[in-house]
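A.B. asks: The structure follows.
The values are calculated or read from the model by the stated rules, or taken from the named source; none is laboratory data. Note that this is a predicted model, so its numbers are computed, not measured. Positions of Cβ are backbone-derived with ideal geometry, glycine not excepted, and every protein chain shown enters the neighbour counts. For the accessible areas, the whole protein counts, side chains as well, though only heavy atoms, and no ligand, DNA or RNA atoms are used. Shrake-Rupley method; radii C 1.70, N 1.55, O 1.52, S 1.80 Å.
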Protein chains: 2
Amino acid sequence: MSGEPEIAVPARAMGDPARARMLSALLGERALSSGELGRIARLSPSSTSEHLHVLAEAGLVLVDNQGRHRFYRLANSDVARAIESLQAIAPLARISSLRQHRASREMREARTCYDHLAGDLGLRLTDLLHQGGIIDELVVGSVGQAPEPFPDDHIVRALGLREPDGSRRPWTRGCLDWTGRRPHAAGQVGAQVLAAFRTNGWITPRPDTRAVQLTATGEHLLQELES
Amino acid sequence: MSGEPEIAVPARAMGDPARARMLSALLGERALSSGELGRIARLSPSSTSEHLHVLAEAGLVLVDNQGRHRFYRLANSDVARAIESLQAIAPLARISSLRQHRASREMREARTCYDHLAGDLGLRLTDLLHQGGIIDELVVGSVGQAPEPFPDDHIVRALGLREPDGSRRPWTRGCLDWTGRRPHAAGQVGAQVLAAFRTNGWITPRPDTRAVQLTATGEHLLQELES
DNA sequence: GAATCGTTTCGGGATGGCCCGAACTATGCA
DNA sequence: TGCATAGTTCGGGCCATCCCGAAACGATTC
């Protein structure tokens, strides 16, 4: 027999600035090593290790051992969802240094959000998908169906989109994070688009951050699709 | 210029067991006084006051002064959403005492969840609304439209449901909390149903908790609608 | 096997949070 | 005016957490 959920457990784990930075970095989907996370959180290796232990204990992250590295990732999409929902009510950090200013600009331009793209790039793609009839109008938190029959037009071919995979996962989901004030496309279609951008080299990762850079090829493709 | 949201701020505020209990109680929508919250969290008045100060500072709760009472409530529905999403990843409390056991059973049977009903009662109502064609099938986090034209059948009249009020708020939203493993109806329709249950005396509040009790009248109504 | 690299564990110091009782303020009521 | 009630502020004790450097550990490399 068990009672109510103890939200203090995950909340406490997320409630330290260093651990919050780590989690925010891990929202960028790919697994990060203890060392990378330590650099992101600006901590000594020993402190980093302790914080990661706390996160694992609270069930927020999982570890993959690979050689002498240990790669950490968010435990599941519910954790990602919880972090997003906290971002919606969290105050925005004050920016003091020039370095932070640049990092903030890069995040606004384009970044990954768990397994899809966000920032200005995410919004451009959302508009494109909507104009192309591949997704419905998005409302925050809403889920949408794929069009029937599945189109085979220019946009679909250019991005290499495939039909939904039949899993329970919704085709689109409106995901709001703190820039833009408009939801961007998450869900299966969002994941497909991010995968396409990665494998085709339309974006390149930036070091130690979820921000990504749109390459010249990527920008060309977008402009061509938007015209 | 401002940077990323600092999720550590709300998370830290929620990350104390006493404050978490208060927030969980406030999920029951109605505002609670400092004294009531102190009893719920089992704290001295002075500690209660400090904790509430922390919650207010983090923007999670708002205060209404009424005479010598101070009534606290969740700041907005985003906060409620964040608490719900943490409940989805939080471990369930172990139950030791008989008293906790009874409280847990009462919560499972029927409780309020921000501004709608949850627990077994919430699920019964969700099924009823679905069978009556008033809401679509629910998926967690999904939003649904009201039927057009708005029906005027037995269920609608019995519950006194009105058409959507034209606000942005979705007609239905699938809200999952920890019992039942199935989403129950939130959104405008959920709020209307709770209001009807309250004003018609189909439920009565239980002291110091979000749990409510279905009255004999309420049970009669439900059985009649379900037949 | 020795050196190296990434990571964890341990010890210890500083800090801050949590708790309470006592004193204080503000409201309501007689 | 005086007293009771609701709530906050203050002071102080205690404990958990957060940080780091030193040392240990395990895997890879030479």
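A.B. asks: Sorted by accessible area with a 1.4 angstrom probe, largest first, how do B:Tyr114, A:Tyr72 fall?
C.D. replies: Values: B:Tyr114 50, A:Tyr72 20 Å².
Of B:Tyr114, A:Tyr72, the descending order of accessible area is B:Tyr114, A:Tyr72.
A.B. asks: Could you please state, rounded to a whole Å, how far the C-alpha centre of region A:191-227 is from the C-alpha centre of region A:56-131?
C.D. replies: When both Cα centres are located, 16 Å separates them.
A.B. asks: Can you give the accessible area per residue of region A:34-95, in Å², using a 1.4 Å probe?
C.D. replies: Numbers: 3380 Å² over 62 residues.
Result: 54 Å² of accessible area for each residue.
A.B. asks: Additional query: For region B:159-166, in order, what is each residue's ³J(HN,Hα) by Karplus, 6.51 cos²θ - 1.76 cosθ + 1.60 with θ = phi - 60°, in whole Hz (x at glycine and Pro)?
C.D. replies: Per-residue couplings from phi come out as 8, x, 6, 10, 4, x, 7, x Hz.
A.B. asks: Oh, and also: Where the convex hull is taken over the Cα atoms of the protein assembly as shown, what is its projected area averaged over directions, in nm²?
C.D. replies: About 25.4 nm², averaged over all directions.
A.B. asks: Add -39500 (n - 2.57) for each DSSP H run of 4 or more in the protein assembly as shown, then divide by its residues: what number comes out at 222 nm, to the nearest 500 deg cm²/dmol?
C.D. replies: Computed ellipticity for the protein assembly as shown at 222 nm equals -13500 deg cm²/dmol.
A.B. asks: Sticking with this one: Using only C-alpha atoms and all pairs of different ones, pull out the Kirkwood radius for chain A in Å with one decimal. Please report the intermediate quantities before stating the final value.
C.D. replies: Numbers: mean 1/r = 0.0534 Å⁻¹.
Computed over chain A, the radius equals 18.7 Å.
A.B. asks: Would you please classify the overall shape of region B:82-145 from the alpha carbon gyration tensor, given that a ≥ b ≥ c denote the square roots of the eigenvalues, rounded means a/c under 1.5, and beyond that prolate means a/b larger than b/c while oblate covers the rest? Kindly include the intermediate steps, with their values, before the conclusion.
C.D. replies: Numbers: a/c = 3.15, a/b = 1.70, b/c = 1.85.
In terms of gyration-tensor shape, oblate.
A.B. asks: Something else: Give, in nm to one decimal, the length gained when the segment between B:Asp165 and B:Ser33 is fully stretched (0.36 nm per residue of separation minus the Cα-Cα distance). It would help to have the intermediate numbers written out before the result.
C.D. replies: Working: separation 132, 0.36 × 132 = 47.52 nm, distance 3.06 nm.
My answer for the length gained is 44.5 nm.
A.B. asks: Where does the Debye-calculated log10 I(q)/I(0) of region A:1-120 sit at q = 0.16 Å⁻¹, using only Cα point scatterers of equal weight, no solvent?
C.D. replies: Once normalised to I(0) and log-transformed, intensities are -0.82.
A.B. asks: Excluding A:Val143 itself, what net charge comes from residues whose Cβ is under 14 Å from its Cβ, given Lys and Arg +1 and Asp and Glu -1?
C.D. replies: Local net charge: +1.
A.B. asks: In addition: What are the label-to-label distances in nm, one decimal and shortest first, from B:Glu148 to the same spot in the other copies, with labels 7 Å along Cα to Cβ?
C.D. replies: 2.0
A.B. asks: So if R0 is 35 Å, what FRET efficiency would B:Asn76 and A:Arg157 give, r being the distance between their Cβ atoms, rounded to the nearest 0.05?
C.D. replies: Once rounded, the FRET efficiency stands at 0.20.
A.B. asks: Run a plain Debye calculation on region B:101-226 (Cα atoms as equal point scatterers, no solvent) and give log10 I(q)/I(0) at q = 0.09, 0.19, 0.22 Å⁻¹, rounded to two decimals, same order as the q list.
C.D. replies: Per q value, in the given order, log10 I(q)/I(0) is -0.23, -1.04, -1.39.
A.B. asks: Next question, about the same structure. Return the value, in Å² to the nearest 100, of accessible area buried between chains B and A (probe 1.4 Å, both sides summed).
C.D. replies: About 4000 Å² of accessible surface is lost on pairing.
A.B. asks: How many nm separate the modelled label positions at A:Ser96 and B:Arg99, each set 7 Å beyond the Cα in the direction of the Cβ?
C.D. replies: 4.7 nm
A.B. asks: State the Kirkwood hydrodynamic radius of region B:13-58 in Å, one decimal place, computed from all pairs of distinct Cα atoms.
C.D. replies: Its Kirkwood hydrodynamic radius stands at 10.3 Å.
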